[in-house]
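Read the figures in this text as sums done on the coordinates, not as results from a lab. Note that the structure is a prediction, hence the values are computed from the model and not measured. Every residue, glycine as well, gets a Cβ built from its backbone with ideal geometry; the counts of neighbours run over all protein chains shown.
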Amino acid sequence: MVDIAAYDQVYVRLREFLDRLPSGLPVTESGVELRLLKKLFTPEEAVMAMELRLFPEPARVIARRCGMDEGEAAEMLESMAKKGLVLRVRGGKEKFYIALHLVVGIYEFHLGDIDTEMAEMMEEFIEAEEHTPNFRRTAVEQFRVVPVNSAVEAVPEIAAYDRIRELVSKYDDIAVAPCICRLEKGLMGEECERPHETCLTFGVGAQLYIDNGIGRRIDVEEALRILDMAEKAALVLQPSNNRDIINICCCCSCCCGILRLLKMEERPADHVHASFSARVDSGRCTSCGTCLERCQMDAIVEDEEAMEVDPARCIGCGLCVSSCPEGALAMFARPDAKTPPSNYFHNLTTISKERGLPFGNLSPVMRFTNLPLFLKVLPYLYKTGLVTPVVNQLARRGWV
């Protein structure tokens with residue numbers, strides 16, 4: 001076990017703070033998480049990060065709590081937001097800041113400045129998660145898997161939240177960015193041949209990527225073309241696990257941290273959020289092997305007469321279905337499929353509730369929260385002077 005005395009206590013406290021956020025940050029035997037935090041945060045930034053809450057607050061409120069000059073606090077918070085250390089959202093023209101966990105969050109927002117050292121640390125951290133199943137679960141629960149478009153065309157009944165093209169077409173604010181997982185692997189000398197500019201973000205997420213200069217604004221038509229390209233390249237579609245999506249990752253199991261964590265499981269199907277599973281019609285299968293090559297989860301089993309799908313490993317991505325030349329594969333609804341949480345914060349409260357964290361107590365409220373509307377009225381709520389006392393009371397109870 002790492003000797004924590006070798007590290008400034010501020011990073012030990014920051015690790016403990018981040019572990020109390022929904023995704024968590026476990027202790028590893030090597031202490032790589034402390035080395036990573038020391039690379040990401042200055043001591044001053046670490047102290048500021050621990051002052052933030054899981055509720056959007058303007059700089060003036062945070063400054064008062066910290067005993068700082070408002071201008072100094074605002075400058076520091078904006079700098080941290082641009083570095084991807086805190087989450088910045090906008091309510092009209094006003095900026096609000098929220099505590100941000102490491103994965104998915106801080107790491108992904110370092111797309112613009114990741115170097116080989118950071119890539120090596122993250123690789124070490126992901127490999128360590130083989131021994132921390134709780135963190136694997138919280139990471140995986142932030143995403144779900146939806147079938148590629150060609151795989152759902154023949155499905156008679158499918159919910160709107162699984163029709164990926166319909167989801168994308170609802171948004172005006174869309175950005176695309178390079179996949180940080182493939183970028184990390186490239187820095188490690190393991191360049192992936194699949195397309196790199198495939199990370200789609202929407203609404204609040206898109207605005208953050210654009211503001212921070214790590215993504216470019218695109219329209220719906222280009223976003224749909226990227227999804228078509230992803231299907232052709234055998235990339236698994238993983239939107240955020242909420243009905244109002246904030247991102248869609250187009251993933252390969254050789255690079256994607258989430259798919260790699262899933263692949264560690266003996267039964268990935270038991271851990272993934274998905275509505276479908278694939279099956280083979282053995283009478284039509286010619287054992288050509290196309291599906292075997294496209295499957296990212298080792299769920300295709302080559303039998304003597306036909307291919308078979310291992311239901312314990314199938315995550316319902318549909319990549320095998322969309323490419324079968326004989327039409328021998330089809331998608332079937334999973335009987336245990338669940339409706340995704342309504343929005344980003346509803347999902348975080350759901351994860352928190354499962355972990356026994358106080359933030360989970362707000363899940364019933366977040367379920368019915370319209371996030372864009374909430375952010376629109378947030379400045380007016382702060383002007384009334386009523387929000388801060390309520391948030392302070394929630395904070396004293398450990399709920400935010």
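Can you spot the aspartates and glutamates whose alpha carbon is less than 16 Å from residue 338's alpha carbon? Ignore those fewer than 8 places along the same chain.
Residue 338 reaches 141, 157, 162, 244, 270, 354.
Within 10 Å of each residue's Cβ, count the other Cβ atoms and sort 86, 47, 391 from fewest upward.
The most exposed by this proxy come first: 47, 391, 86.
If I histogram all Cα-Cα distances within the range 4-125 using bins 5 Å wide from 0, what percent of pairs lands in each bin?
So the P(r) values, bin by bin, are 2, 11, 22, 24, 20, 12, 6, 3, 0, 0.
Among 169, 322, what is the fewest-to-most ranking by other Cβ atoms within 10 Å?
Ordered by Cβ neighbours within 10 Å, fewest first: 169, 322.
If the elastic network links every pair of Cα atoms under 10 Å, which of 225, 367, 243 fluctuates the most in the Gaussian network model of the chain?
In this elastic network of the chain, the residue with the biggest mean-square fluctuation among 225, 367, 243 is 225.
When Lys and Arg each count +1 and Asp and Glu each count -1, what net charge do the other residues less than 12 Å away from residue 234, Cβ to Cβ, add up to? Walk me through the intermediate numbers first.
Values: positive: 194, 232, 294; negative: 193, 231, 293.
Its environment carries a net charge of 0.
Residues with beta-carbon under 10 Å from that of residue 267, excluding residue 267: net charge, scoring Lys, Arg +1 and Asp, Glu -1? Provide the component values of the computation, followed by the final result.
Numbers: positive: 313; negative: 265, 266, 270, 310.
Neighbourhood net charge equals -3.
Compute log10 of I(q)/I(0) for the chain with the Debye formula, placing one identical point scatterer on every Cα and leaving out solvent, at q = 0.08, 0.09 Å⁻¹, to two decimals.
Debye intensities relative to I(0), on a log10 scale: -0.43, -0.54.
Could you let me know the centre-to-centre spacing of the range 328-344 and the range 354-395, using Cα atoms, in angstrom?
Here the two parts' Cα centres lie 29 Å apart.
Under a crude label model (7 Å from the Cα following the beta-carbon direction), how far is residue 267 from residue 190 in nanometres?
For residue 267 paired with residue 190, the spin-label model returns 2.8 nm.
Might you report the magnitude of the Cβ-based charge dipole of the chain about its Cα centre, with Lys and Arg at +1 and Asp and Glu at -1, to the nearest 20 debye?
Values: 46 positive and 60 negative charges, 421 e Å.
Here the chain has a charge dipole of around 2020 debye.
Excluding residue 391 itself, what net charge comes from residues whose Cβ is under 14 Å from its Cβ, given Lys and Arg +1 and Asp and Glu -1?
Around residue 391, the surrounding residues sum to +4.
Using alpha carbons only, how many degrees (0 to 90, rounded to 10) separate the axis of helix 344-355 from the longest principal axis of the chain?
So the inclination is approximately 90 degrees.
Once the Cβ-Cβ distance between residue 374 and residue 225 is put in as r, and R0 is 22 Å, what FRET efficiency do you end up with, to the nearest 0.05?
0.10
Roughly how many whole Å is it from the C-alpha centroid of the range 260-311 to that of the range 1-73?
One Cα centre to the other: 42 Å.
Based on the inverse mean of 1/r over its pairs of different Cα atoms, what is the Kirkwood hydrodynamic radius of the range 345-396, in Å?
12.0
What is the log10 of I(q)/I(0) for the range 268-333, computed with the Debye formula using one identical point scatterer on each Cα and no solvent, at q = 0.13, 0.24 Å⁻¹?
-0.28, -0.97
Taking neighbour counts of Cβ atoms within 10 Å as a proxy for exposure, in what order, fewest first, do 8, 19 appear?
8, 19
Working from Cα positions, state the angle (0 to 90°, nearest 10) between the long axis of helix 387-396 and the longest principal axis of the chain.
Long axis of 387-396 versus the principal axis of the chain: about 80 degrees.
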